[in-house]
Amino acid sequence: MHLSALNRPLPIGRRVAAAVISGFVVAALTHILTVLVFFVSNGAAAANIVPISDYFVPASILLFVLYSVAALLGANRIRLVAFAAGLIAGVIATFLGTLYAVSLGGPLTPDAVGFVAGSLLGSNLLYFIVAGLVAATAGRWAWTAIVTRRSNRIAFIRQPASTLSDGEITHIVRTELDATLADTQWDDYVEALTKAGFETVELPVADEHPDSVFIEDAVVVLGGTAIITRPGAESRRGETDAVAPIARRAGLTVREIVEPGTLDGGDVLVVDATIYVGRGGRTNADGIRQFRSIATALGYTVVAVPVTKVLHLKSAVTALPDGTVVGFPEHVDDPRVFDRFLAMPEPGAAVVVLSHDTVLMATSVPKSIALVEDLGYTVVAVDVSEFEKLEGCVTCLSVRVG
């Protein structure tokens with residue numbers, strides 16, 4: 001079983017690096033902003049900026065150390081906690097930093113300590129308030145940017161549910177499914193993605209949703225945006241609940257298709273800057289309208305096409321790395337809507353693009369594999385026969401990013 005890349009314990013080296021960088025960002029920005037405010041409030045005289053900066057240097061060094069420790073302990077995970085940690089670290093840093101500066105002028109007396117304590121509500125007040133605000137924003141952002149940095153190529157996957165055999169079917173006759181074989185085939189499929197350089201991100205298994213292994217239908221990723229779908233089959237609506245949090249943790253901006261729209265990811269075929277969306281039994285007109293609004297703002301052109309002969313658009317057509325759309329003609333409503341269409345000799349001849357010269361295909365379509373190889377592509381073949389019994393194909397079992 002492939003553990004979620006986002007749930008694996010973060011390497012200690014990256015955690016320390018993230019904490020140190022977060023601490024530096026908080027200390028540096030707090031120092032700069034505070035000095036700038038005091039500089040302006042003192043008439044913006046050039047002669048004042050160095051003494052003002054020197055006054056806050058000890059506090060900023062201490063703030064760097066204190067907030068780095070706080071970040072390492074998890075302060076950046078929640079915005080409110082980050083603010084509190086920055087505020088407290090700022091108070092301690094300004095108190096000790098000012099105490100140090102006072103000690104340079106002579107021995108510390110009770111009056112001197114009292115003066116330093118009073119400065120927390122005077123000249124140092126601005127400093128630790130700024131520290132809290134910077135920690136909750138820039139410091140937390142710096143931490144998140146580092147700890148969520150992953151492979152440029154990830155693949156969202158979901159292990160088959162124990163109820164897989166109860167999955168929805170529409171255009172074919174139900175046949176007996178071998179759950180053990182399905183698990184083995186899924187493992188082989190995931191291994192093929194891993195060997196191709198994808199870092200797999202596994203969502204929690206969902207036994208209450210038999211079709212949840214077909215994760216492609218739950219989310220469409222366009223660049224840095226994840227569009228959470230609203231599946232056309234009511235039994236599948238709950239599959240999307242776990243997708244949005246994982247997408248956000250992967251650094252993606254999340255958008256959603258909402259009622260009354262329905263959209264299955266299997267109906268979305270991206271070919272360069274053109275996106276073909278199938279209007280069929282699972283995706284309705286309002287879903288296409290919502291999707292078009294989102295995709296157009298991202299620079300894509302959306303073309304709606306009819307789907308009446310198969311479950312999803314990508315049950316009929318997929319695309320090679322060069323943008324050529326391929327499919328079994330008898331399953332395609334109108335091949336003329338595609339700029340370039342290449343007929344495949346077998347149904348189910350879908351391709352998953354692994355790189356500019358390599359694709360993934362099912363072992364059930366040997367003639368189509370031979371045709372694609374004859375075009376100069378390397379084909380990685382995997383057996384997905386148990387998923388084909390539920391109208392699935394190689395595209396359905398993952399969502400690739402990058």
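Kindly establish whether Gly43 is over 30 Å from Glu199 (Cβ atoms), at pLDDT below 95 and open to solvent by 20 Å² or more (accessible area, probe 1.4 Å).
Values: over 30 Å from Glu199 (Cβ atoms): yes; at pLDDT below 95: yes; open to solvent by 20 Å² or more (accessible area, probe 1.4 Å): yes.
It is true that Gly43 is over 30 Å from Glu199 (Cβ atoms), at pLDDT below 95 and open to solvent by 20 Å² or more (accessible area, probe 1.4 Å).
Output the number of residues of segment 196-222 satisfying the condition of being in contact with a strand residue (DSSP E or B) (Cβ under 8 Å, 6 or more places away or on another chain) and assigned to a helix (DSSP H, G or I).
So the count comes out to 3.
Mind listing just one residue for me: the one in segment 149-161 that is open to solvent by 40 Å² or more (accessible area, probe 1.4 Å) and closer than 18 Å to Ala244 by Cα and, of those, modelled with the lowest pLDDT? Show your work before the answer.
Filtering segment 149-161 for residues open to solvent by 40 Å² or more (accessible area, probe 1.4 Å) gives 149-153, 159.
In the following step, the residues that additionally are closer than 18 Å to Ala244 by Cα were identified as 149-150, 159.
Details: Arg149: 57, Arg150: 52, Gln159: 96.
Across segment 149-161, the extreme among qualifying residues is Arg150.
Could you list, in sequence order, all residues of segment 185-202 that are open to solvent by 30 Å² or more (accessible area, probe 1.4 Å) and either among the small types (Gly, Ala, Ser) or within 14 Å of the chain's Cα centre (by Cα) (or both)? If you could, list the steps in order and put the result at the bottom.
Step one: list which residues in segment 185-202 are open to solvent by 30 Å² or more (accessible area, probe 1.4 Å), which gives 187-188, 191, 194-197, 199.
Of everything in segment 185-202, those that are open to solvent by 30 Å² or more (accessible area, probe 1.4 Å) and either among the small types (Gly, Ala, Ser) or within 14 Å of the chain's Cα centre (by Cα) (or both) turn out to be Ala196, Gly197, Glu199.
When only residues in segment 290-308 that are farther than 20 Å from Pro329 by Cβ and either among the acidic types (Asp, Glu) or in contact with a Gly (Cβ under 7 Å, 6 or more places away or on another chain) (or both) count, which is surrounded by the fewest Cβ atoms within 10 Å (Cβ to Cβ)?
If we take residues in segment 290-308 being farther than 20 Å from Pro329 by Cβ and either among the acidic types (Asp, Glu) or in contact with a Gly (Cβ under 7 Å, 6 or more places away or on another chain) (or both), then Leu298 is surrounded by the fewest Cβ atoms within 10 Å (Cβ to Cβ).
Wholly within segment 284-377, which helices (runs of 4 or more DSSP H) include no fewer than the required count, namely at least 2 residues that are without any contact (Cβ under 8 Å) to a residue 60 or more places away in the chain and under 26 Å from the mean Cα position of the chain (by Cα)? First the steps, then the outcome.
On the way: elements: 285-297, 313-316, 366-374.
Helices (runs of 4 or more DSSP H) meeting the threshold: 285-297.
If we scan segment 267-279, do we find a residue that is aromatic (Phe, Trp, Tyr), within 24 Å of Met361 (Cα to Cα) and surrounded by 14 or more Cβ atoms within 10 Å (Cβ to Cβ)? So that I can check it myself, show each step before the final result.
Going through segment 267-279, the residues aromatic (Phe, Trp, Tyr) turn out to be 276.
Applying the additional criterion that residues be within 24 Å of Met361 (Cα to Cα) yields 276.
Right, trim to surrounded by 14 or more Cβ atoms within 10 Å (Cβ to Cβ) and you get 276.
Yes, that holds for at least one residue.
Mind checking which residues of segment 222-242 are β-branched (Val, Ile, Thr), modelled with pLDDT of 95 or more and open to solvent by 10 Å² or more (accessible area, probe 1.4 Å)?
Our first condition is that a residue be β-branched (Val, Ile, Thr); within segment 222-242, this holds for 225, 227-229, 240.
Among the residues that remain, those that are also modelled with pLDDT of 95 or more are: 227-229, 240.
Within segment 222-242, just Thr240 meets the criteria.
Looking at the structure I just gave you, is Ser212 of a type outside the set (Asp, Glu) and more than 26 Å from Val380 (Cβ to Cβ)?
Working: of a type outside the set (Asp, Glu): yes; more than 26 Å from Val380 (Cβ to Cβ): no.
It is false that Ser212 is of a type outside the set (Asp, Glu) and more than 26 Å from Val380 (Cβ to Cβ).
From the list Val258, Val213, Val205, which one is open to solvent by less than 50 Å² (accessible area, probe 1.4 Å) and either among the hydroxyl-bearing types (Ser, Thr, Tyr) or farther than 21 Å from Thr308 by Cα (or both)? It would help to see each step written out before you state the result.
On the way: Val258 fails: open to solvent by less than 50 Å² (accessible area, probe 1.4 Å); Val205 fails: open to solvent by less than 50 Å² (accessible area, probe 1.4 Å).
Val213 is the lone residue from the list that is open to solvent by less than 50 Å² (accessible area, probe 1.4 Å) and either among the hydroxyl-bearing types (Ser, Thr, Tyr) or farther than 21 Å from Thr308 by Cα (or both).
Within segment 63-81, take every residue that is within 24 Å of the chain's Cα centre (by Cα) and open to solvent by less than 20 Å² (accessible area, probe 1.4 Å) and give me the one that is farthest from Asn124 (Cα to Cα).
Gly74
Filter segment 380-398 down to the residues that are farther than 21 Å from His331 by Cα and either under 24 Å from the mean Cα position of the chain (by Cα) or crowded, with 19+ Cβ neighbours inside 10 Å (or both) and list them by number.
Val382, Ser398, listed by residue number.
Quick check on Thr358: is it of a type in the set (Val, Ile, Thr) and open to solvent by 50 Å² or more (accessible area, probe 1.4 Å)? Spell out the reasoning first.
Details: of a type in the set (Val, Ile, Thr): yes; open to solvent by 50 Å² or more (accessible area, probe 1.4 Å): no.
So Thr358 does not fit the description; no.
Could you tell me whether segment 17-38 includes any residue that is outside any helix (DSSP H, G or I) and loosely packed, with under 15 Cβ neighbours inside 10 Å?
Residues of segment 17-38 outside any helix (DSSP H, G or I): none.
The answer is no, given that none of the residues of segment 17-38 is outside any helix (DSSP H, G or I) and loosely packed, with under 15 Cβ neighbours inside 10 Å.
Tell me which residues, restricted to segment 244-277, are at pLDDT below 95 and in a helix (DSSP H, G or I).
Ala244, Pro245, Ile246, Ala247, Arg248, Arg249
The values are calculated or read from the model by the stated rules, or taken from the named source; none is laboratory data. Source: prediction; values computed, not measured. Neighbour counts run over all protein chains shown; Cβ positions are idealised from the backbone, glycine included. Heads up: the accessible areas ignore ligands, DNA and RNA and are worked out on the full protein's heavy atoms, side chains in. Shrake-Rupley method; radii C 1.70, N 1.55, O 1.52, S 1.80 Å.
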